[in-house]
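Undergrad: Structure below; questions to follow.
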Amino acid sequence: MLVYILRRLFYALPILIGVNVLTFLLFFVVNTPQDMARAHLGDKYVTEDAINHWIEEKGYDDPLFYNSESEGINAFTDTIFFNKSLKLFAFDFGRSDEGRDISSDVTDRMGPSLALALPSFIIGIWVNICVALMVLMFRGSRLDRFAVSVFVTLMSISYLFYIIFGQYFIAKMSRLVPVSGFNDGIDGWRFLILPVIIGVIAGIGSGARWYRTLFIEASSQDFSRTARAKGVSEAGVLFRHILPNAMLPILTGVVVVIPSLFMGSLIMESFFSIPGLGSYMLDAIQAQDFAIVRAMVFLGSVLYITGLIMTDISYTWADPRVRLN
């Protein structure tokens, strides 16, 4: 298994380099160093000398990928891409364009992101699987058709509607919980319970419908028919045969999502003023802070690759017949 993991990490290097190249291209196609300087210095009363000084100070005065004024290998090393990207592979994110330490910011904001995303993720999976199993027990009945209609309806409603509805009726009108904010202490649950509930409810439509499809496919297999022929109850077939045999596709969809929990939710954190990594990324894009954007995209890629490796490893736990080679 160790050889397999090392090989997968080696294969990940070209992916990370490619993601970095695309990030540089997309960001600098939209923003020039002059635009970035004006975004930080302000459009009014800023001189051309101040802009040039900011660009030189932040290291954006070099060519992007190839420096025609240098010779040999320096033509590639005296560039923005090389100087800004190389340290990322040592997880040295450097400083933002405002001078803040990015690694320190990521460490501080990881807690609020996990405090929101982890309960939403765990409770959401548990609710979706339970709902899908209950619906499967009444497959083909009116209740099954009604449940599928509800799933489709929930999927059709915008995520923003759940947030606005919850903030207005539960927080503002009923005053059961705060409208927005965050607290690091034990009292912080009051700020998190509403976004967690909204996250779980908003995900029931797509989640339960997907799990229902998986379970229907497993219930049509020979092992399910054999269990029913032996007189096993429908609940026994569901929990002892269908659920275990549907673990591989469930793990495929679940484990790969785990790394994204660290990155937080852009919309949820922004609406509820939660100082997590999602709002950190959004603020950086609005401020055209390329240092933070570059670091967060790289971190997201690393976490996603880690999630894929974890998914493969989890296959061997769920099904002993699977071999990593």
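Undergrad: So for Phe65, Phe290, Phe138, Phe121, what's the accessible-area order with a 1.4 Å probe, most first?
TA: From most accessible down to least: Phe138, Phe65, Phe121, Phe290.
Undergrad: A further question on this structure: Note down the magnitude of the dipole of the chain about its Cα centre, charges +1 on Lys and Arg C-beta and -1 on Asp and Glu C-beta and zero elsewhere, to the nearest 20 debye.
TA: Dipole of the chain, to the nearest 20 debye: 2420 debye.
Undergrad: Once you keep just the Cα pairs under 8 angstrom separated by 6 or more residues, what percentage relative contact order results for the chain?
TA: On the way: 335 pairs, mean separation 76.7, N = 325.
Result for the chain is 24 percent.
Undergrad: Using alpha-carbon pairs under 8 Å, 6+ residues apart, how would you state the relative contact order of region 155-258 in percent? Working shown, then result.
TA: On the way: 54 pairs, mean separation 20.2, N = 104.
Reported relative contact order: 19 percent.
Undergrad: Looking only at Asn128, Asn74, Asn245, which one moves most when the chain is put into a Gaussian network model with springs between Cα atoms under 10 Å?
TA: Asn74
Undergrad: Might you work out the accessible area of Phe239 for me, using a 1.4 Å probe with all protein chains in place, and round it to the nearest 10 Å²?
TA: 120 Å²
Undergrad: DSSP loop (so not H, G, I, E, B), at most 11 other Cβ within 10 Å: list which trypsin sites (Lys or Arg not before Pro) in region 135-232 pass both filters. Working shown, then result.
TA: Working: sites: Arg139, Arg142, Arg145, Lys172, Arg175, Arg190, Arg209, Arg212, Arg225, Arg228, Lys230; in loops: Arg139, Arg175, Lys230.
Within region 135-232, the qualifying trypsin sites (Lys or Arg not before Pro) (loop, at most 11 other Cβ atoms within 10 Å) are Arg175, Lys230.
Undergrad: Let me ask something else. Accessible area per residue of the chain at 1.4 Å probe, in Å²?
TA: Details: 18200 Å² over 325 residues.
Heavy-atom accessible area per residue stands at 56 Å².
Undergrad: Sticking with this one: Name the most mobile residue of Val257, Val30, Val131, meaning the one with the largest mean-square fluctuation, in a Gaussian network model of the chain with Cα contacts below 10 Å.
TA: Result for the chain, Cα springs under 10 Å: Val30 fluctuates most.
Undergrad: For the Cα atoms of the chain, what angle does the longest principal axis make with the long axis of helix 142-156, in degrees from 0 to 90, nearest 10?
TA: 10 degrees
Undergrad: To the nearest 10 degrees, how steeply does helix 102-137 sit against the main Cα axis of the chain, on a 0 to 90 scale?
TA: 20 degrees
Undergrad: Could you point to the label whose value was computed as Rg/Rh (Cα atoms, Kirkwood Rh) for the structure here, given [x] 1.01; [y] 0.94; [z] 1.06?
TA: Here Rg/Rh (Cα atoms, Kirkwood Rh) agrees with entry [z].
Undergrad: Give the aspartates and glutamates reachable from Lys58 as a straight Cα distance under 18 Å; neighbours fewer than 8 places away on the same chain don't count.
TA: Once the sequence-local aspartates and glutamates are set aside, what remains near Lys58 is Asp35, Glu48, Asp49, Asp78, Asp92, Asp97, Glu98, Asp101, Asp289.
Undergrad: Nearest 10 degrees is fine. How inclined is helix 189-219 to the longest principal axis of the chain, computing both from alpha carbons?
TA: 60 degrees
Undergrad: Could you report the accessible area of Phe82 in Å², rounded to 10, computed with a 1.4 Å probe on the protein chains as they sit in the structure?
TA: Accessible area of Phe82: about 80 Å².
Undergrad: What number, in percent, do you get for the relative contact order of region 181-325 if the mean sequence gap of Cα pairs under 8 Å and at least 6 apart is divided by its residue count? It would help to have the intermediate numbers written out before the result.
TA: Working: 100 pairs, mean separation 31.7, N = 145.
It comes to 22 percent, rounded to a whole number.
The values are calculated or read from the model by the stated rules, or taken from the named source; none is laboratory data. Nothing here was measured: the structure is a model prediction, and the numbers come from that model. All Cβ positions, even for glycine, are placed from backbone atoms using ideal geometry, and neighbour counts span all protein chains on display. For the accessible areas, the whole protein counts, side chains as well, though only heavy atoms, and no ligand, DNA or RNA atoms are used. Shrake-Rupley method; radii C 1.70, N 1.55, O 1.52, S 1.80 Å.
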